[in-house]
Amino acid sequence: MDAFILSEWLQQHFAPSDDSPAYHRLYRLICRAILEGHLGAGARLPSTRDLAADLGIARNTVLQVYDQL
């Protein structure tokens, strides 16, 4: 899955109605993408700026998640 398709998948599954912080939701979602095979070894993640804009969250939130991964 390329970064563009992954970004679309994340947008579809990012639940804004969830009460947990955005970084927890994004971290869990990327982990889910890995475990379900949507994101394989060596796959590129979307840029932090693009993903933050697509999800409507702060870039620092995406940076924090990427650092955790």
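Quickly work out the LEU63-to-ARG28 label distance, labels modelled 7 Å from Cα along the C-beta direction, and quote it in nm with one decimal.
Going by the 7 Å Cα→Cβ label model, 2.5 nm.
Given the rule -39500 (n - 2.57) for each run of at least 4 DSSP H residues, summed and divided by the residues of the chain, what is its mean residue ellipticity at 222 nm, to the nearest 500 deg cm²/dmol?
So the helix-based figure for the chain works out to -18500 deg cm²/dmol.
As an exercise, find the ratio Rg/Rh for the stretch 1-46 from alpha-carbon atoms, using the Kirkwood inverse-distance average for Rh.
Details: Rg = 10.5 Å, Rh = 10.9 Å.
Reported Rg/Rh, Kirkwood definition of Rh: 0.97.
None of the figures in this text is laboratory data; all of them are computed from the coordinates on show. None of the values given here were measured: they were computed from a predicted structure. Glycine also receives a Cβ, built like all others from the backbone with ideal geometry; neighbour counts cover every protein chain displayed.
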